[in-house]
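Participant: Before anything else, here's the structure in question.
Laboratory data are not the source of any read-out in this text; all were calculated from the coordinates shown. Source: prediction; values computed, not measured. Don't worry about glycine lacking a Cβ; one is built from the backbone with ideal geometry, like all the others, and counts go over all protein chains shown.
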Amino acid sequence: MRTRKATMVGFGLAPGIFSVVTMASAPAIREIALPAAPLDGVSLDYLAADRARHRVWVPAGGTGAVVVIDSKTGATHRIADFPVAEMERNGRKRIVGPSSATIGDGFVYIGDRADASVCAVNAKTLKKAACTTLSSMPDGLAYVASRKEVWVTAPRERAILVLDVSQSSAPKPAGRIALEGDPEGYAVDDAGGHFYTNYEDQDRTVRISLASRSITATWNPECGEDGPRGLALADGGRYLVVACPDHLDSLAASSDGHILSKLPTGAGVDDLDYLPARRAVYAAASTDAVLTVATLDESGMLHALAAVPTAKGARNAAVVDDGTAYVACGPAGKILVVPPSTGPATSH
């Protein structure tokens with residue numbers, strides 16, 4: 001994912017006000033320090049929640065490891081020996097490594113930017129299995145259960161790279177889908193046969209057929225020049241929630257993709273997560289240091305539930321089954337653990 005400066009959009013609110021509610025008493029946030037994280041922080045991107053096994057997977061970039069957090073006990077397990085490499089971007093050097101994860105059927109798949117690989121890790125034993133090398137650096141990974149595939153967004157190649165994981169422990173290349181923009185974010189509608197991603201450089205959201213691997217719709221989420229970021233599906237594919245840099249959109253995914261609702265979040269949103277059991281959306285804004293929790297009603301309207309103060313640089317929440325959010329705080333080399341937001345909330 002890219003990090004860009006976001007411009008605040010208030011949607012009728014006074015300047016500088018980015019949320020309509022705040023917790024009357026903010027929940028106590030725990031911190032989990034990532035093992036081997038340097039003092040100047042670590043590059044963190046996509047997290048993944050394995051709700052069935054009560055685990056959160058944290059690809060910990062330049063530490064060369066993936067940290068697995070037990071959401072019941074708080075215990076951590078470090079899976080080491082992933083490749084790392086020094087890269088330069090916008091004149092700044094950084095150490096990159098494992099950066100993305102997706103939960104599959106008995107295995108978790110880890111994307112590594114250092115060597116453009118995707119590796120399978122046993123979801124129960126946490127033992128690393130086989131890896132495959134891609135033609136381009138991976139960004140986001142999405143498991144497609146119906147097809148036993150992993151779809152990988154590859155913005156440098158303007159493509160989706162498809163991996164065959166019918167042998168779960170051994171991913172292998174199975175195709176490439178050329179795109180007309182830089183893919184950012186992903187969502188899978190397995191029952192409906194659709195895959196969604198954004199063109200970050202064009203402020204567009206596209207729908208791709210899982211069967212034909214062709215684009216079947218292109219929509220405008222109106223995120224602005226910095227483009228759309230993360231995606232989440234709700235209500236069996238009826239609604240698609242788009243993370244813009246400073247707000248959320250809900251789109252009518254089951255019809256023509258028009259915008260149903262917008263909700264300000266604060267600046268610096270990247271990825272987001274959705275918890276169906278609570279109809280709740282979680283979006284962490286890194287610039288304004290706030291986690292927005294919203295509900296999505298049955299007509300696709302977003303309603304703010306809470307705005308929880310976090311920390312500068314904290315983004316990309318992953319949420320477990322009880323509503324606890326795990327937020328990546330790369331600059332501090334930590335994961336922030338935010339308890340469920342149950343209110344009461346007060347209007348501003």
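Participant: Please return the longest stretch of the chain lacking exposed loop sites, where GluC sites (Glu not before Pro) count only if DSSP places them in a loop and at most 10 other Cβ atoms lie within 10 Å.
Facilitator: 1-224
Participant: Could I ask something else about it? With a Cα-only, solvent-free Debye model of region 42-178, what are the log10 I(q)/I(0) values at q = 0.10, 0.14, 0.22 Å⁻¹?
Facilitator: After summing over all Cα pairs, the log10 values are -0.29, -0.58, -1.36.
Participant: Right, here's the next one. Name the long-range amide H neighbours of Arg30: under 5 Å, sequence gap of 5 or more, or other chain; modelled H, no Pro or chain starts.
Facilitator: Val337
Participant: Pull the list of the chain cysteines that no other Cys approaches to under 4.7 Å, Cβ to Cβ.
Facilitator: When partners are defined as cysteine Cβ atoms under 4.7 Å apart, the chain leaves Cys329 without one.
Participant: Check cross-link reach from Lys127 to the lysines: straight Cα distance under 24 Å, and skip same-chain residues fewer than eight apart.
Facilitator: Lys72, Lys148, Lys172, Lys334
Participant: Give the residue from Cys244, Ala120, Gly224 lying farthest towards the positive end of the charge dipole for the chain; charges sit on Cβ (+1 for Lys and Arg, -1 for Asp and Glu) and the dipole is referred to the Cα centre.
Facilitator: Ala120
Participant: Using Cβ counts within 10 Å as a stand-in for footprinting exposure, how do Asp105, Asp190 rank, fewest first?
Facilitator: Asp105, Asp190
Participant: Taking 1 over the mean of 1/r across every pair of different Cα atoms in region 70-131, what Kirkwood radius in Å do you get?
Facilitator: Radius from the Kirkwood sum: 13.0 Å.
Participant: Moving to a separate point now. For region 121-190, treating each Cα as an identical point scatterer without solvent, what Debye log10 I(q)/I(0) comes out at q = 0.20 1/Å?
Facilitator: -0.84
Participant: Using the C-alpha gyration tensor of region 33-101, what are the square roots of 5 times its eigenvalues, in whole angstrom, with the largest one first?
Facilitator: 24, 12, 10
Participant: Shifting gears a bit: State the percent of C-alpha pairs, over all pairs in region 203-244, separated by a distance greater than 15 angstrom.
Facilitator: Result for the distance tail: 49 percent.
Participant: Taking R0 as 30 Å, what FRET efficiency do you get between Ala178 and Ser254 from their Cβ-Cβ distance, rounded to the nearest 0.05?
Facilitator: The computed FRET efficiency comes out at 0.70.
Participant: Follow-up question, since we're still on this one. Out of all Cα-Cα pairs in the chain, roughly what percent, to the nearest whole number, are more than 35 Å apart?
Facilitator: Of all Cα-Cα pairs in the chain, 14 percent lie more than 35 Å apart.
Participant: How much length is gained on full extension from Asp164 to Asp190, taking 0.36 nm per residue of separation minus their Cα-Cα distance?
Facilitator: That pair, Asp164 and Asp190, stretches by 7.8 nm at full extension.
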